[in-house]
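The values are calculated or read from the model by the stated rules, or taken from the named source; none is laboratory data. The structure presented is a predicted model; accordingly, all values stated were derived computationally and were not measured. Because the Cβ atoms are built from the backbone with ideal geometry, glycine has one as well, and the counts that use them run over all protein chains shown.
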């Protein structure tokens with residue numbers, strides 16, 4: 001949502017820049033300093049910027065509706081999201097990543113399942129030992145003329161039934177659970193490492209774009225536009241600088257969006273969703 005808003009703001013700025021270039025071209029054509037073709041090129045570039053602006057508006061509307069749908073609303077009751085898109089996700093250290101993986105809910109669930117099935121197997125193993133039955137009673141001894149106490153002891157011999165079937169099944173289930181735990185550990189470890197490395201690369205891209213490419217592209221575009229107004233550059237050079245600047249800003253937004261999305265995916269794998277840094281603001 002924040003990235004969509006930022007994209008709309010940036011495309012709006014780009015339209016303003018394109019309008020400035022069109023105005024400069026029109027003035028030079030009116031002064032007879034350049035061919036009317038230059039003004040036509042400028043207007044085409046401005047039209048392309050307006051198309052991108054319309055697309056950014058449509059994308060923002062779609063994003064707002066999709067976000068509202070996450071809490072069961074058919075129509076968004078907010079006008080914009082508040083937050084800072086330039087606030088980059090934090091990259092976990094290798095030790096922190098390993099610690100988070102160790103306590104991931106998905107793995108804890110499988111560990112509990114392994115322990116449960118292990119206890120079930122121990123229970124089935126205990127059933128192999130038959131229970132001893134003790135009975136107590138009394139019997140009249142006629143020859144002695146009195147009653148006698150009788151104590152009975154019975155121990156069944158498990159010749160045919162030693163609970164082997166149930167024990168074997170319990171052991172198999174426990175072994176299967178251990179295998180699935182190991183598979184889950186490998187799968188989650190691979191997913192976490194993949195997202196961690198992707199996030200690391202994206203953060204490097206965003207920082208390079210922020211600190212080097214965007215300032216340079218903006219400076220080159222401003223210089224080309226001013227030089228065109230003074231008759232030092234052709235509009236073709238202005239278009240080239242404009243295209244470079246537009247592409248750099250689009251790449252910046254894409255890398256920024258991908259970085260936040262990858263960080264969210266990593267949190268999902270680790271099983272701890274952080275509270276959002278932004279809140280929805282209801283504005284009339």
> Do we find a residue being modelled with pLDDT of 85 or more, touching a helix residue (DSSP H, G or I) at 6+ places or on another chain (Cβ under 9 Å) and surrounded by 17 or more Cβ atoms within 10 Å (Cβ to Cβ) anywhere in segment 231-243?
Replying inline: yes
>> Yes or no: segment 148-166 includes at least one residue that is within 30 Å of residue 110 (Cα to Cα), at pLDDT 85 or above and out of contact with any helix residue (DSSP H, G or I) (no Cβ under 8 Å at 6 or more places or on another chain).
In response: no
> Only one of (1) surrounded by 12 or more Cβ atoms within 10 Å (Cβ to Cβ); (2) within 22 Å of the chain's Cα centre (by Cα); (3) closer than 30 Å to residue 186 by Cβ is not met by residue 111, so which one is it?
Replying inline: (2)
>> If I filter segment 203-244 down to residues being touching a residue at least 40 places away in the same chain (Cβ under 8 Å) and either within 16 Å of residue 7 (Cα to Cα) or part of a loop (DSSP other than H, G, I, E, B) (or both), which single residue comes out as nearest to the chain's Cα centre (by Cα)?
In response: 206
> For segment 27-42, what are the residues that are surrounded by fewer than 16 Cβ atoms within 10 Å (Cβ to Cβ) and either touching a residue at least 24 places away in the same chain (Cβ under 8 Å) or touching a helix residue (DSSP H, G or I) at 6+ places or on another chain (Cβ under 7 Å) (or both)?
Replying inline: 27, 33, 36
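Name the residue, out of 68, 87, 81, that is under 30 Å from residue 4 (Cα atoms) and assigned to a loop (DSSP other than H, G, I, E, B). It would help to see each step written out before you state the result.
Numbers: 68 fails: assigned to a loop (DSSP other than H, G, I, E, B); 81 fails: assigned to a loop (DSSP other than H, G, I, E, B).
Going through 68, 87, 81 in turn, just one is under 30 Å from residue 4 (Cα atoms) and assigned to a loop (DSSP other than H, G, I, E, B): 87.
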